[in-house]
Structure formats: C-alpha cells, structure tokens
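Here is the structure we will look at, set down as structure tokens.
Bear in mind that the values in this text are calculations on the coordinates, not laboratory data. Nothing here was measured: the structure is a model prediction, and the numbers come from that model. Virtual Cβ from ideal backbone geometry, glycine too; neighbours counted across all protein chains shown.
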Amino acid sequence: GAGVSQSPSNKVTEKGKDVELRCDPISGHTALYWYRQSLGQGLEFLIYFQGNSAPDKSGLPSDRFSAERTGGSVSTLTIQRTQQEDSAVYLCASSLVGTNNSPLHFGNGTRLTVT
Amino acid sequence: TQLLEQSPQFLSIQEGENLTVYCNSSSVFSSLQWYRQEPGEGPVLLVTVVTGGEVKKLKRLTFQFGDARKDSSLHITAAQPGDTGLYLCAGARGSNYKLTFGKGTLLTVNP
C-alpha cells in the first residue's frame, strides 16, 4: 500500500528564495505532522494538523514558516526568504488519529539545502 | 534543553556481537517509542512501550521501559549488518500527540 509521499526529495535554493515542500499522507489518516531533522540533532517538531486545522504550530521557528492542509489530505510547508540555517531534512508523518497510541508513519523527507 | 539523552551517540561493532543503547530522561513519559532510520529514509517505528518495567522482544531486539518510565534500553543480540542505522527514541506525555525525540544512536555493524 502507499505510504507517506514527500516531494521534492531534494531541493537546492538560493538564500532569500521561497520554497514549498509537499506531503501526501496515508489515505484516511486524520493527523499530520511536520518535523525537521538537522545534522547532529534529533527530530524537531514543527506543526501538527488534525484534519485541516493546525491546533499546534508551536514548533515553527519563525514567521517565515507556514503550513496548510487541504481536504484533510495534502499538506504544504512553505518557507519564505530562506536562510542557510533552514538547511535540513524536513520530514512529514501521518497517523490514523492524533494520540500517542496511533503510530507515526514517516515519509522519506525533503532534503533542503540553502546556498 | 534535550529532554531525551541517547547514548552512545555512535557505535561501531562487528557482526555477531551484542550491544545495548540507552535513552534517558529526568522526565516521566506515558509511553516511549523506538524508531530505526536508514540513510535517505524516514524513521520506521519498531516498538512502543507503555508500562513501567515492560519488556518487549522483536526477534533479536529486546526493548525495556524503566520502572519509573524515565528511561529505556534497546538490546540487540548477535547484530547483523542489516541492523545498521540510526536508532531514535521518542517519548510522549499523556495522550499528547507531540513526541519528544532524542538525537539518536548511529549503529554500524561491520561484516
């Protein structure tokens, strides 16, 4: 069956440009998460969606970061005016429901490099 | 503040050896999960432990949750090259959806 799909798998952009990262969760999963993984760091929580709503945006590092989810399915993470410190792997995960008893299924991530 | 400390950070062993990696915290977690991540891929859930003192076995992998639910260990018996990867622990509080991840242990098993 189809897992979580993320695109692009790699993105190289110049400092100051905007980027959009896409996540297609597993069909029927109501909860969707974005995490960031930097070299030598653990996974850093960015944002959580339940359906189309984002009850927890507390992990977004700055107002340059935003995310939306439409139709209870696809989500887009947008980073405006990218900075070199934004370089990382951005991971999306989905789960059936938004509790810790519902296992997370991760995509393979988008590796973002800001030059 | 890193709430979950994993050790060792790096571990390189020969095929057939046994190993244990640790996940420690000063905080209590309602459950703890272990993931394995291979290069270029996302983490894959191995196990969830929820009861203090709980021991779960997955083939050659044995997971233990501390009695106080503040720490966990992963023991691998007779390691194989296919066990190579980044092992991450992640803790949850209550029924909260938000997981706190450790930085991981990067395991290399040499043939």
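Some notes on this structure:
- Pairs from the list A:LYS57/B:LYS103; A:LYS17/B:LYS98; A:LYS11/B:LYS59; A:LYS11/A:LYS57; A:LYS57/B:LYS56 with a Cα-Cα gap above 26 Å: A:LYS17/B:LYS98; A:LYS11/B:LYS59; A:LYS57/B:LYS56.
- Per residue of A:95-107, other chain Cβ atoms within 10 Å of the residue Cβ number 5 on average.
- Each of A:THR110, A:THR76 was scored by other Cβ atoms within 10 Å of its Cβ. Listed from fewest to most, they are A:THR76, A:THR110.
- Each peptide among B:98-106, A:77-85 gets the average number of other Cβ atoms lying within 10 Å of its residues, and from highest to lowest they stand as B:98-106, A:77-85.
- Gain upon complete extension [B:PHE10, B:ARG60; 0.36 nm per residue less C-alpha separation]: 16.0 nm
- For the residues A:GLY98, A:GLY51, A:GLY71, a GNM of chain A with alpha-carbon springs under 10 Å puts the largest fluctuation on A:GLY71.
- Ranked by how many other beta carbons lie within 10 Å on average, peptides B:53-63, B:19-29 from highest: B:19-29, B:53-63
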